[in-house]
Amino acid sequence: ENGLDGWLRYAPLPYNDQKLPAHIVVLNTTEASPVYVAGAELQNGLKGIYGTHAEVSHEQCENSSSAAIVGTVEQYQIACGSLNGVPELDEDGFWLSTWGNKVQILGQNERGALYGAFEYLSMLAQGNFSEVSYASNPSAAIRWVNQWDNMDGSIERGYGGSSIFFKNGAVVDDLSRVTQYARLLASARINAAVVNNVNANATLLDQENMKGLGRIADALRPYGVQIGISLNFASPETLGGLDTFDPLDSSVIKWWSNITDQIYQRVPDMAGYLVKANSEGQPGPLTYNRTLAQGANLFAKALHPYGGIVMFRAFVYNQLNESNWKADRAKAAMEFKYLDGEFEENVVLQIKYGPIDFQVREPTSPLFANLFNTSTAIELEVTQEYLGQQSHLVYLPPLWKTVLDFDLRVDHKPSLVRDIITGRRFNRKLGGSAAVVNVGSNTTWLGGHLSMSNLYAYGRLAWDPADDSQSILQDWIRLTFGLDRTVLDTITQMSMESWPAYENYTGNLGIQTLTDILYTHYGPNPASQDNNGWGQWTRADHTTIGMDRTVSNGTGFSGQYPTEIAAMYENIDTTPDNLLLWFHHVNYTHRLHSGKTVIQHFYDAHYSGVETAQTFLVQWDSLKGKIDDERHKAVRRQLDYQTGHSIIWRDAINDFYYNLSGIPDALNRVGHHPWRIEAESMLLDGYKQYTVNPFETAAKSI
Ligand code: BDP
């Protein structure tokens, strides 16, 4: 139980005399096809979970009462004749029906059939033998993951080891981990993976690496996962030797279409390109006074003949412009509003859930409400960059849901973000979700067993963003740790409490994650949040805190929302407490709706967040013996660390604001840490003293 199989362990369950298929009919004989793979998964699953051997046959239609049949609707019709009672399926959708041990799994396409097989296996692995008959269709066609893997094998913001794709500037020889990754992705119904960092290296496009991309695509294809790649806008110059990368220059256009042709020769089903342009130092069209739309369309046109799409990132800001007091990085993405309608049909704007950057709480990005003629996708982050980097338990779907379920009230009509990204609200054909995942070569993939619930849940929500965070979590727990009721209840409780706890001990009231903003994005560092181009948003001084983003008095950000939402955030009385400091600059003594002052809320929330986090270890310990030792020990180690690190967070933040405001804690806790063992009191070999800034983040004053 080293985590490698994730939630697809097919671990044995007691066999309760249930009727299981005695054989499996697979309607495709090509070994690398998803339908063939589905047959193998079904066979392995039945064997692993219930110890039964089901024979696989490919020859003919078999509708006997003890067979599971898997294929596409079309394959079924060819093999078995007419098909009754199955509704029209959408692309990637499937039909699943079970009567005792007669099982029918039919996909709209091969991929859908594989998803159906995984759905059936998920039922079996959860001991669920109910008779079902239903169709399941995706909410959107784009259900992608992004890997921020570099060519040298490192991963930007990855916490699970080195890349499974690249090493020393090239694609690795052994791609078996890539196929295993595809298996996990397919079971979560994710259909494409962008394999390299958005801060892209042009050498990905050299001849050797193109061959390598072909091999990666071959390793993913049996599971129905396509590849996408991130591009560096300046490649025609840096790799191609041209003297320009102007998107309107004919030699540049030719260069990109030639590159695109070459890639499609190696990867005929490539999903498309992902582009980060003119942001955080990356090159882009603005260098040549061309618009971002002109930049995106350059790629869209090259991809068009192949049916590929461009995911163009809306995360565009210039950190060098943002360091003055008036600027507000949150407003930067609205540039795209003025380009609405100028993008080719196969361009999708990939928009981070909040206007800043994957913070512990952000209001919904207003850009979702400002594009009516452009397709959009939401960008989420499974890798816990600002959220504890897999050393803290944080189950993320409840955070994602604050955005997916948010009603932006465009034109005073219901406008849930989840209906915007799926294309329903504004009648767009394309749309969906992308998540930065960053699995690595560690056997736990992400760097911790419990973090995998976020990957699983991401896929489920990309399929159906209206699904429920807790029930998705419980499926994952049963698949990952078995059916014990205490295990289920305990991990459910810990996970559901984890994001609120993390918010409480890191940054509350919408102040954002008070972490080191300059590079590591880890550990407390409230002082780094202001007076630089990346961050300038706590605006804390001796008497006040928060960023005024109102139209009347501040940066004007709140005016980017449709009228009803803008009015809510403009007014301090109607702004929810949990976003107060995002939108308003107030005295520390300002009273919240709860009746508490801002500063006392800070103090109390940090204590209560830590108290909750400290129960995680105790709760986990109660599961000893109910979970295999290997995983129990690994998770325990991490929760033990979190217990301590949450205290570091609490004391650093509370002390910092206590020193700044001079307002004592009503309960007289802040500044007194009787039980803490300071680093200075310990003897450690090989450590040096280092001056930490601000000093509150260190143990004592050094
Ligand atoms: C930030 C990350 C940085 C990424 C950037 C992005 O810190 O490493 O390059 O986002 O999304 O959150 O492009």
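Worth pointing out:
- So TYR386, is it of a type in the set (Ser, Thr, Tyr) and either more than 17 Å from ASP467 (Cβ to Cβ) or assigned to a strand (DSSP E or B) (or both): yes
- Count of residues meeting criterion [among the aromatic types (Phe, Trp, Tyr) and over 29 Å from the mean Cα position of the chain (by Cα)] in the range 571-610: 2
- Scope the range 172-197; condition polar (S, T, N, Q), in a helix (DSSP H, G or I) and without any contact (Cβ under 8 Å) to a residue 60 or more places away in the chain; matching residues: SER176, THR179
- Filtered residue count, the range 522-560, keeping only those that are under 19 Å from ILE599 (Cβ atoms) and either over 27 Å from the mean Cα position of the chain (by Cα) or not hydroxyl-bearing (Ser, Thr, Tyr) (or both): 16
- Residue within the range 335-343 that is within 16 Å of the ligand (Cβ to nearest atom) and more than 12 Å from ALA293 (Cβ to Cβ) present: no
- If you check LEU298, LEU303, LEU320, LEU286 for being more than 15 Å from the ligand (Cβ to nearest atom) and at pLDDT below 95, only one passes: LEU320.
- Among residues of the range 505-548 being of a type in the set (Ser, Thr, Tyr) and part of a strand (DSSP E or B), the one that is farthest from the ligand (Cβ to nearest atom) is THR544.
Table: residues versus (1) closer than 24 Å to GLN470 by Cβ; (2) surrounded by fewer than 23 Cβ atoms within 10 Å (Cβ to Cβ); (3) of a type in the set (S, T, N, Q).
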{"site": "ILE491", "(1), (2), (3)": "yes, no, no"}
{"site": "GLY507", "(1), (2), (3)": "no, no, no"}
{"site": "GLY523", "(1), (2), (3)": "no, yes, no"}
{"site": "ASP548", "(1), (2), (3)": "no, yes, no"}
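- The condition (being closer than 27 Å to ARG631 by Cβ, hydrophobic (A, V, I, L, M, F, W, C) and in the same structural domain as ASP92 (by TED's automatic domain parsing)) is satisfied by just one residue among LEU8, LEU42, LEU27: LEU42.
- Taken over the range 67-90, the residue count meeting the criterion of being farther than 26 Å from LYS19 by Cβ and assigned to a helix (DSSP H, G or I) is 3.
- Pick from the range 193-203, criterion touching a helix residue (DSSP H, G or I) at 6+ places or on another chain (Cβ under 9 Å) and surrounded by 24 or more Cβ atoms within 10 Å (Cβ to Cβ), ranking: farthest from GLU110 (Cα to Cα): ALA200
- GLN147, sole failed condition from (1) of a type in the set (S, T, N, Q); (2) out of contact with any Lys or Arg (no Cβ under 6 Å at 6 or more places or on another chain); (3) more than 16 Å from the ligand (Cβ to nearest atom): (3)
- Checking the stated criteria, VAL198 turns out to be within 16 Å of the ligand (Cβ to nearest atom), of a type outside the set (S, T, N, Q) and closer than 27 Å to GLY431 by Cα.
- Filter pass, ASP328 being closer than 30 Å to SER528 by Cβ, away from the ligand (no atom under 16 Å from the Cβ) and assigned by TED's automatic domain parsing to the domain that holds VAL225: yes
- The set of residues in the range 506-521 that are touching a Ser or Thr at 6+ places or on another chain (Cβ under 7 Å) and free of Cβ contacts under 8 Å to residues at least 24 places away in the same chain comprises ASP516, ILE517, LEU518.
- Residues (within 14 Å of the ligand (Cβ to nearest atom) and closer than 25 Å to GLU345 by Cα) located in the range 378-414: ILE378, GLU379, LEU380
- Condition met for ALA135 (at pLDDT 95 or above, more than 15 Å from the chain's Cα centre (by Cα) and surrounded by fewer than 20 Cβ atoms within 10 Å (Cβ to Cβ)): yes
- Test: residue in the range 603-612 that is assigned to a helix (DSSP H, G or I), surrounded by fewer than 20 Cβ atoms within 10 Å (Cβ to Cβ) and in contact with an Asp or Glu (Cβ under 8 Å, 6 or more places away or on another chain): yes
- Any hit, the range 387-404, residues being modelled with pLDDT of 95 or more and more than 22 Å from the chain's Cα centre (by Cα): no
- Those residues of the range 267-283 which are buried (at least 16 other Cβ atoms within 10 Å of the Cβ) and more than 16 Å from the ligand (Cβ to nearest atom), in sequence order: VAL267, MET270, ALA271, GLY272
- Out of ALA200, ALA219, one residue alone is assigned to a helix (DSSP H, G or I) and out of contact with any Pro (no Cβ under 7 Å at 6 or more places or on another chain). It is ALA219.
- Identity of the residue in the range 306-315, closer than 26 Å to TYR353 by Cβ and of a type in the set (Gly, Ala, Ser), that ends up nearest to the ligand (Cβ to nearest atom): ALA314
- Tabulated pairs, the range 48-59, first touching a residue at least 12 places away in the same chain (Cβ under 8 Å), second assigned to a strand (DSSP E or B), C-beta under 6 angstrom, 6+ apart or interchain: ALA54/HIS23; ALA54/ILE24; GLU55/HIS23; VAL56/ILE24; VAL56/VAL26; SER57/VAL25; HIS58/VAL26
- Here LEU380, LEU371, LEU446, LEU430 are screened, and the one residue that is assigned to a loop (DSSP other than H, G, I, E, B), under 22 Å from ALA332 (Cβ atoms) and either in contact with a strand residue (DSSP E or B) (Cβ under 6 Å, 6 or more places away or on another chain) or in contact (Cβ under 8 Å) with a residue 24 or more places away in the chain (or both) is LEU371.
- Test: residue in the range 562-570 that is away from the ligand (no atom under 16 Å from the Cβ), assigned to a helix (DSSP H, G or I) and over 28 Å from GLY595 (Cβ atoms): yes
- Counted residues, the range 352-368 - those being away from the ligand (no atom under 16 Å from the Cβ) and assigned to a loop (DSSP other than H, G, I, E, B): 2
- In the range 273-285 there is at least one residue matching the filter, namely being touching a Leu at 6+ places or on another chain (Cβ under 6 Å), on the phi > 0 side of the Ramachandran plot and in contact (Cβ under 8 Å) with a residue 24 or more places away in the chain.
The values are calculated or read from the model by the stated rules, or taken from the named source; none is laboratory data. This is a predicted model, so every value here is computed, not measured. Cβ sites come from the backbone with ideal geometry, for glycine too, and all protein chains shown count toward neighbours.
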